[in-house]
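Okay, structure first, notes after.
The values are calculated or read from the model by the stated rules, or taken from the named source; none is laboratory data. Predicted, not measured: the structure shown is a model, and the values here were computed from it. Every residue, glycine among them, receives a Cβ derived from its backbone with ideal geometry; neighbour counts consider all protein chains shown.
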Amino acid sequence: MINTYVRPFYLRAEWLPHDWTMARRVARAGKRVKLGDVQRMLHGTWRESSVAAWYCLRLPPESVTSDLEFALGHAYSSKNAHTLAAAAVALLGPRALPMLESAPCLIDAEPGDDGAGVVAAAIEEIGGTPPIRPDDGYRAWFQGLLRAARDLQVAYRDVQLTSRTSGRCPRR
């Protein structure tokens with residue numbers, strides 16, 4: 001799974017927070033991702049779960065919600081908490097609040113880690129009251145991740161539509 005799904009992200013990880021061309025490229029690669037692989041990655045290492053957060057945006061929320069909740073329940077740092085939070089909000093909206101509020105990075109943050117600030121901004125975004133107040137930098141960071149997640153959802157839909165018709169992804 002590392003070579004198939006994870007490595008392609010890290011070859012071009014600088015696409016975040018926003019690059020429509022890269023979102024389309026990731027969507028084309030992700031159109032063949034298997035549900036079982038995404039579920040396994042969400043239960044894997046921080047690197048696997050961070051990447052799986054982006055791939056789960058292609059899948060029906062009900063098929064990955066419990067796995068996404070598991071991953072967030074094991075997200076102790078910004079190594080994966082930020083991408084999981086963005087995926088949770090993009091997929092579930094306010095229904096993601098309980099899983100975000102229980103993210104361990106909010107309770108037992110690693111010293112100097114940014115995960116708690118980004119997850120707090122995610123909680124704030126969907127109307128919750130985070131246990132810590134995120135500053136504007138964390139809010140901006142989360143907004144960039146959420147924008148990337150939503151762009152990726154659109155790119156996944158576009159890839160599905162165009163693969164049925166012309167096999168090409170539309171330009172934005």
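Can you pull out every residue in the stretch 108-136 that is in a helix (DSSP H, G or I) and either closer than 15 Å to Asn80 by Cα or in contact (Cβ under 8 Å) with a residue 12 or more places away in the chain (or both)? Walk me through how you get there before you give the answer.
Here is the first cut: in the stretch 108-136, the residues in a helix (DSSP H, G or I) are 115-125, 136.
Of everything in the stretch 108-136, those that are in a helix (DSSP H, G or I) and either closer than 15 Å to Asn80 by Cα or in contact (Cβ under 8 Å) with a residue 12 or more places away in the chain (or both) turn out to be Gly115, Ala116, Gly117, Val118, Val119, Ala120, Ala121, Ala122, Ile123, Glu124, Glu125.
Keeping to the stretch 38-91, report how many residues are in contact with an Asp or Glu (Cβ under 9 Å, 6 or more places away or on another chain), surrounded by fewer than 19 Cβ atoms within 10 Å (Cβ to Cβ) and of a type in the set (S, T, N, Q).
Total satisfying the criteria: 1.
Which of the residues that make up the stretch 99-139 are exposed (fewer than 13 other Cβ atoms within 10 Å of the Cβ) and of a type outside the set (Ser, Thr, Tyr)?
Those that are exposed (fewer than 13 other Cβ atoms within 10 Å of the Cβ) and of a type outside the set (Ser, Thr, Tyr): Ile107, Asp108, Pro111, Gly112, Gly127, Pro131, Arg133, Asp135, Asp136, Gly137.
Looking at Leu152, Leu145, Leu91, Leu57, which one is assigned to a helix (DSSP H, G or I), within 12 Å of the chain's Cα centre (by Cα) and at pLDDT 95 or above?
Answer to the check: Leu91.
Residues to consider are Arg139, Arg95, Arg147; find the one that is among the charged types (D, E, K, R) and touching a residue at least 40 places away in the same chain (Cβ under 8 Å).
Testing whether each residue is among the charged types (D, E, K, R) and touching a residue at least 40 places away in the same chain (Cβ under 8 Å) leaves just Arg147.
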